[in-house]
Amino acid sequence: MKRMWFILIVALFSNLAFAANKEGRFVQKDNLFPRVEITTSLGKVTLELDRSRAPITVNNFLTYVINGDYKGSVFHRVERDDANEQDFVIQGGGYDKDYDGMFERPPIFNESGNGMKNDIYSVAMAYQDSKPHSGTRQFFFNMDNNKHLNPGRDWGFAVFGNVVEGYETLDKIMQVETGYNQKLGYTFIPKTPVIIFDIAVLKALEL
């Protein structure tokens, strides 16, 4: 009897582990343009992702989405180009509300050469400085036409989708008060965390 219970417990935990590690490539796998809805503390944003040009990046993003990894993360970077009086980026997905780093899966290949541009209201994969293939879970919204983030002589940032609804939410986030955060060491950190409550995959559009 004890052995039977042991087998059942092992099977249960194996199923839970499997459930907690779903892969984004299986999410609406025949849909080249899956959509997701981001629910934040300041409103909602709907994205249309582009698997046709950024399959690695989209599937990686969806892996984090379907495993619930973005729940409770924040937009930790709301940055303006003050010198040119222009908005720049809203970046998030990698820190919790205390600005502690969150779990990361292995980094992915940089798909910045896919033809998609870092234009306003596009979404792109972030990476560590001078390490173009170090992207994991952090993403950012371009809040202006950021041509200098496109690939040229060097690697750029891989755009993998565009905002289709909720522009006003991003504009609202862009207006939050920011300041220096000692933990992260930057001045563009929201003083009141902008929280990502959830990111959900939406039903595929009917053709």
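So, in the range 31-201, how many Lys pairs have Cα atoms under 25 Å apart, if the pair is 8 or more places apart or on different chains?
21
Which one of Asn118, Leu205, Thr192 has its Cα pushed farthest toward the positive end of the charge dipole of the chain, where Lys and Arg give +1 and Asp and Glu give -1 at the Cβ?
It is Leu205.
For percent of Cα pairs over 29 Å apart, several values are listed as (i) 15; (ii) 25; (iii) 43; flag the one computed from this structure.
Label (ii) holds the value from this structure.
How high is the relative contact order of the chain, in percent, with contacts defined as C-alpha pairs under 8 Å that are six or more residues apart?
28 percent.
Mind checking the dipole of the chain: about its Cα centre, +1 per Lys or Arg Cβ, -1 per Asp or Glu Cβ, Debye to the nearest 20?
It works out to roughly 1000 debye.
What FRET efficiency do you get for Tyr186 and Ser52 if R0 is 25 Å and r is their Cβ-Cβ distance, rounded to the nearest 0.05?
Efficiency at R0 = 25 Å is approximately 0.10.
With θ set to phi - 60°, apply the Karplus curve 6.51 cos²θ - 1.76 cosθ + 1.60 along the range 98-110 and write out the HN-Hα couplings as whole Hz, x wherever there is a Gly or Pro.
Taking θ as phi minus 60°, the curve returns 8, 6, 9, x, 10, 3, 10, 8, x, x, 10, 5, 7 Hz for the range 98-110.
Stretched out fully, how many nm does the piece from Asp171 to Arg105 gain, at 0.36 nm a residue minus the Cα gap?
Contour length minus Cα-Cα distance gives 20.8 nm.
Want the number for His133 to Trp155: 0.36 nm per residue separation, take away the alpha-carbon distance, what's left?
Residue separation times 0.36 nm, minus the Cα-Cα distance, leaves 7.0 nm.
On the accessible surface of the chain, probed at 1.4 Å, how many percent belong to carbon and sulfur atoms?
Percent of accessible area from carbon and sulfur atoms in the chain: 54.
Between Lys97 and Lys44, 0.36 nm times their residue separation minus their Cα-Cα distance comes to what?
Extending this stretch completely gives an extra 17.3 nm.
The values are calculated or read from the model by the stated rules, or taken from the named source; none is laboratory data. In this text the structure is predicted, and so the values were computed from the model without any measurement. Here Cβ is always computed from backbone atoms with ideal geometry, including for glycine, and neighbour counts include all displayed protein chains. The accessibility values were calculated without ligands, DNA or RNA, using every heavy atom of the protein model including side chains. Shrake-Rupley method; radii C 1.70, N 1.55, O 1.52, S 1.80 Å.
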